[in-house]
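Here the structure is laid out as structure tokens; the discussion comes afterwards.
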Number of protein chains: 2
Amino acid sequence: MAKIVMLGSGIMATALSFPSSENGHEVRLVGTHLDRDIIDSIKAKGIHPDLGLKVNDGVKVYQLEDAEEAFADADVVMCGVNSFGLEWAGEQLAGLLKPGQDVLCITKGMRADEDGTMHVLPEVLKKAVGPELASQVSWSAIVGPSIAGELAVHHDTCVVFCGEDQEVLTKLADMFRTDYYHVWTSTDFIGHETGAATKNIYAFAAGFGDGLLDKEGKTDAKYVRFNYGAAVFAQGQKELRQFVQLLGGEAVTADGLGGVGDMFVTSMGGRNVKAGRYVGSGVPFSEVRDSLMKGVTLEGVAAIQVIGAALKPLTERGVIKEDDFPLCRYLYSVVAEDAPLEMPWSLFFGGER
Amino acid sequence: MAKIVMLGSGIMATALSFPSSENGHEVRLVGTHLDRDIIDSIKAKGIHPDLGLKVNDGVKVYQLEDAEEAFADADVVMCGVNSFGLEWAGEQLAGLLKPGQDVLCITKGMRADEDGTMHVLPEVLKKAVGPELASQVSWSAIVGPSIAGELAVHHDTCVVFCGEDQEVLTKLADMFRTDYYHVWTSTDFIGHETGAATKNIYAFAAGFGDGLLDKEGKTDAKYVRFNYGAAVFAQGQKELRQFVQLLGGEAVTADGLGGVGDMFVTSMGGRNVKAGRYVGSGVPFSEVRDSLMKGVTLEGVAAIQVIGAALKPLTERGVIKEDDFPLCRYLYSVVAEDAPLEMPWSLFFGGER
């Protein structure tokens, strides 16, 4: 049986403790400095406060100061912080990782250089831990449509373990696979990580339709705006595929669990959709950010800011064309410049004609 | 200004009278023998009873016995019956169509020969009117995510006019395009019609997740089954793409409004989803068909019956492989053999591994 340590005890990391601990593995949740209350709650009552669920017996929890002990003899090291904590997590892992360990990331997102060159998060982590240590461990990630709470209550969930080494992926998948947690593997690491990061962009836009209904006083009307949402979804899928290819992934990855599947689940609700709904109802994004949803983690908005900004230098350098990514460009104007909701339909799908 | 006649006055045909009449065209709705009350209602009160909306002033309505008058000098002939009425519509059109008219289909569905060879609906219509008349008119269709009532109340709707002749498509698109009805054109007629027909298959499966929640008494629970729905959606998209290619369409069509977009909107609700939800809750399909939803038009179930049955001879003939279309094959066992809900997850995405 393996020892699995998770850096971060948020809802997704904790949800993953269910299938892995039920397979007999020893699971250790290490809270970050922001997770102190979570760890206290699990220690005292066994309950994860944000999930609202009892963690399985046998799952061990650690405050951050005890991380060294939790990491020392672990076989698998999971990075479960959100994308805003990635640089912090990199610093921690630089001190905690041991040669021979298998790293499995659940953090999603993207970083970009000034010239628009984009990097998926495992690359950022590798850089943070340094080339020597990075080469002494293996790197993999989990992607796919997986709402944490649904997994935690054992509702069927289908995901992809993606990474560089098929043997490692097969081993990791076996550790987590159960009759409700269905796991596929893929060595298209870049493609899957790109899909996982960019799908959040389009979840923000998925809220616009309901926001428009709110604005029009039609929230409970007979005819809503599914046509609107479907067109946004289709254009989003088109752009997601192009991002996957732009970063060097396989186009087919955009079709699967880590592409269209993940975009579907993310569009069904959550914080990004809620923020988009406010914008749809007529609230400038700056007001959503600074007031209505102040302090709320918005991975989709973060992705729009990083990736949307990268599109400008990429276009100037001729890497992409001016009419590529019209929806992502428009969403960037919404979050960076408070552009009002005026969907550029005619630019979608290669231009209305 | 053009004269546009619609055979069938159901909700979709009538919804299309809004953008076209607002563009100044003369629109004529001809009811089928099943639409008698609809036509009477519009004549008496201007209201389409199923849409619950007033039809635009100037839209003319006809009972079936007056069809000849409505068709005589029309420029565009639309076929707006449902797929069950297609053979009937073909017979009508054989007597009503005039050389030089442009046919625009909104009916969706598929027919198959005994050896599994599948035919999209415009082909079936062409055959019904005979080769001579078929060659004297043009053939096009409207596909894409378009809930009729949403279009009728002027909510943004994005569609594709697909057909054989780009010039005709450009002309037809111009007749219908407004600031809320956004129209693209494509000459991938087969691909788009295949997407439009097969997306209904997966809408049936889109109801399973909620049905499972009903069965488990979790209908209003905090954690639902979006992960389940997303995995079904992703596998559906994969199969839809393969169907498009199998029939000779372009793979890229599966990405757009007529593929993933239409599948998204169809998965959001409607009769097929409702039927799937009953199955998810544990009701054998035969009971849904013969009792709970007796007499209700289920285009998705019809598609499963036609296409699911065709997979067997296609497999025997080596046209497709045994592990192709696992979700469609499973859904066929549900509607044809009352198979219980037991999703074959491990067969999806090329096989769990």
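The values are calculated or read from the model by the stated rules, or taken from the named source; none is laboratory data. This one's a predicted model, so the numbers in the text were calculated from it and none came from an experiment. Don't worry about glycine lacking a Cβ; one is built from the backbone with ideal geometry, like all the others, and counts go over all protein chains shown.
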Quick one: would you say A:LYS218 is assigned to a loop (DSSP other than H, G, I, E, B) and under 23 Å from A:MET343 (Cβ atoms)?
yes
Inside the range B:39-65, can you point out the residues that are touching a helix residue (DSSP H, G or I) at 6+ places or on another chain (Cβ under 7 Å), among the β-branched types (Val, Ile, Thr) and crowded, with 16+ Cβ neighbours inside 10 Å?
B:VAL55, B:VAL59, B:VAL61
What is the one condition in (1) more than 22 Å from B:GLU123 (Cβ to Cβ); (2) assigned to a helix (DSSP H, G or I) that B:CYS328 does not satisfy?
(1)
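Does B:LEU247 meet the test of being touching a Cys at 6+ places or on another chain (Cβ under 7 Å), more than 30 Å from A:MET12 (Cβ to Cβ) and not aromatic (Phe, Trp, Tyr)?
Values: touching a Cys at 6+ places or on another chain (Cβ under 7 Å): no; more than 30 Å from A:MET12 (Cβ to Cβ): yes; not aromatic (Phe, Trp, Tyr): yes.
When the stated conditions are applied, B:LEU247 does not pass them.
If we keep just the residues of the range A:331-353 that are more than 14 Å from every other protein chain (Cβ to nearest Cβ) and part of a helix (DSSP H, G or I), which is surrounded by the most Cβ atoms within 10 Å (Cβ to Cβ)? Quick ask: steps written out before the conclusion?
Step one: filter the range A:331-353 for residues more than 14 Å from every other protein chain (Cβ to nearest Cβ), giving A:331-340.
Still in the list and also part of a helix (DSSP H, G or I): A:331-337.
Numbers: A:LEU331: 28, A:TYR332: 22, A:SER333: 16, A:VAL334: 23, A:VAL335: 25, A:ALA336: 15, A:GLU337: 10.
Only one residue fits best here, namely A:LEU331.
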Would a scan of the range B:272-280 turn up a residue that is within 14 Å of chain A (Cβ to nearest Cβ) and of a type in the set (A, V, I, L, M, F, W, C)?
yes
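Looking only at the range A:252-263, which residues are of a type in the set (A, V, I, L, M, F, W, C), out of contact with any strand residue (DSSP E or B) (no Cβ under 7 Å at 6 or more places or on another chain) and under 13 Å from B:LYS238 (Cβ atoms)?
So the first thing to find is which residues in the range A:252-263 are of a type in the set (A, V, I, L, M, F, W, C), and the list is A:252, A:254, A:257, A:260, A:263.
In the following step, the residues that additionally are out of contact with any strand residue (DSSP E or B) (no Cβ under 7 Å at 6 or more places or on another chain) were identified as A:252, A:254, A:260, A:263.
A:VAL252, A:ALA254, A:VAL260 - these are the residues of the range A:252-263 that are of a type in the set (A, V, I, L, M, F, W, C), out of contact with any strand residue (DSSP E or B) (no Cβ under 7 Å at 6 or more places or on another chain) and under 13 Å from B:LYS238 (Cβ atoms).
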Looking at the range B:262-299, which of its residues are within 18 Å of the chain's Cα centre (by Cα), in a helix (DSSP H, G or I) and not small (Gly, Ala, Ser)?
B:ASP262, B:MET263, B:PHE264, B:VAL265, B:THR266, B:ARG271, B:ASN272, B:VAL273, B:LYS274, B:GLU299
Take the conditions at positive phi and either at pLDDT below 95 or within 24 Å of the chain's Cα centre (by Cα) (or both) and apply them to A:GLY8. Does it pass?
yes
Among the helices (runs of 4 or more DSSP H) lying completely within the range A:140-206, list those that include at least 2 residues that are buried (at least 22 other Cβ atoms within 10 Å of the Cβ) and more than 9 Å from chain B (Cβ to nearest Cβ).
A:166-176, A:189-205
Looking only at residues in the range A:289-314 that are farther than 13 Å from A:PHE204 by Cα and touching a strand residue (DSSP E or B) at 6+ places or on another chain (Cβ under 8 Å), which one is surrounded by the most Cβ atoms within 10 Å (Cβ to Cβ)?
A:ILE307
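Yes/no matrix, rows are residues, columns are (1) out of contact with any Phe, Trp or Tyr (no Cβ under 6 Å at 6 or more places or on another chain); (2) within 18 Å of B:ALA13 (Cβ to Cβ):
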{"site": "B:VAL120", "(1), (2)": "yes, no"}
{"site": "B:ALA141", "(1), (2)": "yes, yes"}
{"site": "B:ILE147", "(1), (2)": "no, yes"}
{"site": "B:GLU150", "(1), (2)": "no, yes"}
{"site": "B:PHE161", "(1), (2)": "yes, yes"}
{"site": "B:ASP179", "(1), (2)": "yes, no"}
{"site": "B:ASP188", "(1), (2)": "yes, no"}
{"site": "B:LYS199", "(1), (2)": "yes, no"}
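Tell me yes or no: at least one residue of the range B:120-136 is assigned to a helix (DSSP H, G or I) and within 14 Å of chain A (Cβ to nearest Cβ).
First, the residues of the range B:120-136 that are assigned to a helix (DSSP H, G or I): B:121-129, B:131-136.
Going one step further and asking which of them are within 14 Å of chain A (Cβ to nearest Cβ), we end up with none.
Checking the range B:120-136: not a single residue is assigned to a helix (DSSP H, G or I) and within 14 Å of chain A (Cβ to nearest Cβ).
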Identify all residues within the range A:218-261 that are modelled with pLDDT of 95 or more, away from chain B (no Cβ under 12 Å) and over 18 Å from the mean Cα position of the chain (by Cα); write none if there are none.
A:GLN245, A:LEU246, A:GLY248, A:GLU250
Could you run through the range B:253-272 and say how many residues are in contact (Cβ under 8 Å) with a residue 40 or more places away in the chain and under 22 Å from A:GLN242 (Cβ atoms)?
10
